[in-house]
Amino acid sequence: MIEDTKTILDNQRNGFTFYRSFYESLEHLPTNQQVKIYNAICNYALNNVEPNLTSNLKSIFILIKPNIDSAIKRADNGKKGGRPKTKTKPNNNQNKPNKNQSKPKANQSDSDNIIEKEKEEDKDIDKEIDKELDKNKDKDTSKNFGKFSNVCLNDKQFNQLIFEFGEETTNKTIDELSVYMASKGKTYKNHYATLIGFIKRNQERREQEQQQKPVAKNKNFSPETERMAESLGLMGGEDEQ
């Protein structure tokens, strides 16, 4: 038990490098998926714990993982003082400079070369991440709603409908559209736009009905007053025969 605890503590880190490319690659995902992938990145980079993700998020993490590993490796090498020195003594021929040999650039060390190479590798990884995310953008992340599960919306569209029209109106209209499509065999290219149209038409219809609704007779009025009001169009009386 003590050895397991020591192993966990040894694998823990106080920080890691989070690249801007990570953020830009994940910002288009739904909020719940962003939370899962962010937690997976942090748990792996800080605690060295492999995440258990769905296939869509797992493919994204696999592309990000080498970038994290590379940054961790650079940090670990920095703690050890850089690249270890060789113990092999140079040969006599190595002490004699070659006249035709170009002089090394100033401030250019083996450690610098390693860093430059890792930067190029990071760029290649970022390109692969972008390609994979572009593919995932084309995938349908919609969910099925309604009584017949035939109204397709993604989380952002569903939340936007609730924000604009309220949860009760949204759920009621989704069920109405679901029943209408199932009973009439109708199909729509964009269910989100169709729902907005349904809701606004219903609102307009209710407003028109409210305007056309006759004013109820007041029993406190005398018959003469009611007849006068009806003749002026102020009250909705019955047609006289």
- Enumeration of residues in region 150-171 that are under 26 Å from SER183 (Cα atoms) and in contact with a Phe, Trp or Tyr (Cβ under 9 Å, 6 or more places away or on another chain): VAL151, CYS152, LEU153, ASN154, GLN157, PHE158, LEU161, THR170, ASN171
- Note on the structure: Condition set aliphatic (A, V, I, L, M) and touching a residue at least 12 places away in the same chain (Cβ under 8 Å), scope region 30-48, selection surrounded by the fewest Cβ atoms within 10 Å (Cβ to Cβ): answer is LEU46
- Do we have any residue at all in region 21-42 that's at pLDDT below 85, of a type in the set (D, E, K, R) and more than 17 Å from ASP126 (Cα to Cα)? no
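Every residue, every condition in (1) at pLDDT 90 or above; (2) of a type in the set (Asp, Glu); (3) assigned to a helix (DSSP H, G or I); (4) closer than 28 Å to GLN34 by Cβ, yes or no:
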site: ASN144; (1), (2), (3), (4): yes, no, no, yes
site: GLN160; (1), (2), (3), (4): yes, no, yes, yes
site: SER178; (1), (2), (3), (4): yes, no, yes, no
site: LYS186; (1), (2), (3), (4): no, no, no, no
site: ILE196; (1), (2), (3), (4): yes, no, yes, yes
site: ILE199; (1), (2), (3), (4): yes, no, yes, no
site: GLU207; (1), (2), (3), (4): no, yes, yes, no
site: GLN210; (1), (2), (3), (4): no, no, yes, no
- Task: Report yes if some residue within region 163-174 is under 15 Å from ASN144 (Cα atoms) and in contact with a Gly (Cβ under 8 Å, 6 or more places away or on another chain); otherwise report no.
- Result: yes
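The values are calculated or read from the model by the stated rules, or taken from the named source; none is laboratory data. It should be emphasised that the depicted structure is a prediction, and the values quoted were computed from it without experimental measurement. A quick note on method: Cβ atoms are made from the backbone with ideal geometry, for glycine too, and the neighbour counts reach across all protein chains shown.
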